[in-house]
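Structure first, then comments.
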Amino acid sequence: MKKFAINPKRCDRSPYCAVRRECPSRAIQEVDGVFYIDMNVCRGCGLCVKACPREAVEESAS
């Protein structure tokens, strides 16, 4: 299964995050204003990569 991560330097932390809206498993979480992908919930579909207009979601090596 592919793994993904959100690059905090590229993420604009929008309350209307397109990535969060597109994720079918609701794996995008926010803690203290920082978004991350909960890999325990993520299905590895990759829709998050396509949905992010700032290209903040990247495939993770680990």
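Just a few scattered comments:
- Using the Karplus relation 6.51 cos²θ - 1.76 cosθ + 1.60 with θ = phi - 60°, the per-residue 3J(HN,Hα) values for the range 19-28 come to 5, 5, 5, 7, 5, x, 9, 6, 7, 7 Hz, with x marking Gly and Pro.
- Those aspartates and glutamates that a straight Cα-Cα span of less than 19 Å connects to residue 50, excepting residues fewer than 8 apart in one chain: 12, 22, 38, 58, 59
- Highest mean packing first, where packing is the average number of other Cβ atoms within 10 Å per residue, the peptides 8-14, 18-24 line up as 18-24, 8-14.
- The gain in end-to-end length when the residue 60 to residue 18 segment is fully stretched comes to 13.2 nm, 0.36 nm per residue minus the alpha carbon separation.
Laboratory data are not the source of any read-out in this text; all were calculated from the coordinates shown. Remember, it's a predicted structure, so these values are computed and weren't measured experimentally. Counting neighbours? That spans all protein chains shown, and the Cβs are built from the backbone with ideal geometry, glycine included.
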